[in-house]
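Shown next, in structure tokens, is the structure this report addresses.
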Amino acid sequence: MEKKKGTSNHHIENSEEFPGLKVNPGITQSDPINPDTVMQFKSRKKKVLRVEEYVEGIRSGNRTILSQAITLIESSKPAHQEIAREIIRRCLPYTNSSVRIGITGVPGVGKSTFIESLGNYICSENQSVAVLAIDPSSEISGGSILGDKTRMETLVNNPRAYIRPSPSSGSLGGVARKTRETIYLCEAAGFDVILIETVGVGQSETAVHSMVDFFLLLMLGGAGDELQGIKRGIMEMADAIAITKADGDNILRTKIAKAEYENALHLFPPAASGWIPKVSICSALKNTGMNEIWDTVLQYIHQTRKNGFFRQKRMQQSSYWLHESIASRIKDAFYMHPEIKKRLPLLENQLFKDEISSFEAADELLSIWQKTIS
């Protein structure tokens, strides 16, 4: 029987105009999007918890909530920043309980492999470890790979370890802007040791040194001109030096490098901590030398706590980050000022035409800013 015109199964070929042709009704197509799947997706959408829920989750060792709280810290949204500040404030009474270790090294030294080996060793000593691995962000796209969890395959599966890769977000020297606040949350979560990996691009070492108790410099042996390419400032910051890849045919070269670094360290003035930096060799591939490095860390912590330097250094670091935070907030507010945003490109254009000096342009912008705050 022919379907009426206008119905979904009507085909003009079935009319009398086309004798011998017959088109059967097709199958009614269902909605290509499963509504149940949509509801499940919506239900899985992350929601911002109450501050109390974040703090309770962090204190109970909930890794998921800890990660969500760190994401809030790293967020640039004002609403997220406000929640993050309140979370940190409530977590502060449970901080300052860990040993903070900064790790840096020359390119190719194998920082991630070393951190995985050292982290596993520390975990075997009944200590819990949080690794804050800072990945450099692209200057062009702003993105970063965040691949440390992929590189640290065994450590990421260790129940005593927690790895948090964070983008550097273009901040000074590639150091993540919120790393210090993240340390607070990891301490509140009960981690005994916090390892902070720098991106190793120069200025990042200074920033990381200002937030850790112990600073470890990784070096290669047998790479040639061991001492020539090292900045004196980085060597002076180091509380210990570890010569990596001491395995196979490279063992002799690492031993020679160890002697050279020990001689070089004697040329530096005594540290305020009273600690004499030590040099050791290790192999992350063979998991050798990690016990000696960890013993060195424990000796340093014991000595500096005994002579009062440990607490003094942390107080100095808190003061340093107070001033850094003020400077950062003022800088952001300055460049976000609507009149300055409008005037700045015009002054830059005058600079390019040599119509005004940099100092005169700066004075004009600062005058605008001073009218705002006066």
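Here are 257, 176, 242: which of them is out of contact with any helix residue (DSSP H, G or I) (no Cβ under 6 Å at 6 or more places or on another chain) and either part of a strand (DSSP E or B) or modelled with pLDDT under 85 (or both)?
Details: 257 fails: either part of a strand (DSSP E or B) or modelled with pLDDT under 85 (or both); 242 fails: out of contact with any helix residue (DSSP H, G or I) (no Cβ under 6 Å at 6 or more places or on another chain).
176 is the lone residue from the list that is out of contact with any helix residue (DSSP H, G or I) (no Cβ under 6 Å at 6 or more places or on another chain) and either part of a strand (DSSP E or B) or modelled with pLDDT under 85 (or both).
Summed over region 79-134, residues that are buried (at least 20 other Cβ atoms within 10 Å of the Cβ) and among the basic types (Lys, Arg) total 2.
Taken across region 65-82, residues that are modelled with pLDDT of 95 or more and touching an Asp or Glu at 6+ places or on another chain (Cβ under 8 Å) do occur, with at least one present. Restricting attention to region 284-297, the residues being in a helix (DSSP H, G or I) and of a type in the set (A, V, I, L, M, F, W, C) number 4.
The values are calculated or read from the model by the stated rules, or taken from the named source; none is laboratory data. These numbers come from a predicted model, not from an experiment. Here Cβ is always computed from backbone atoms with ideal geometry, including for glycine, and neighbour counts include all displayed protein chains.
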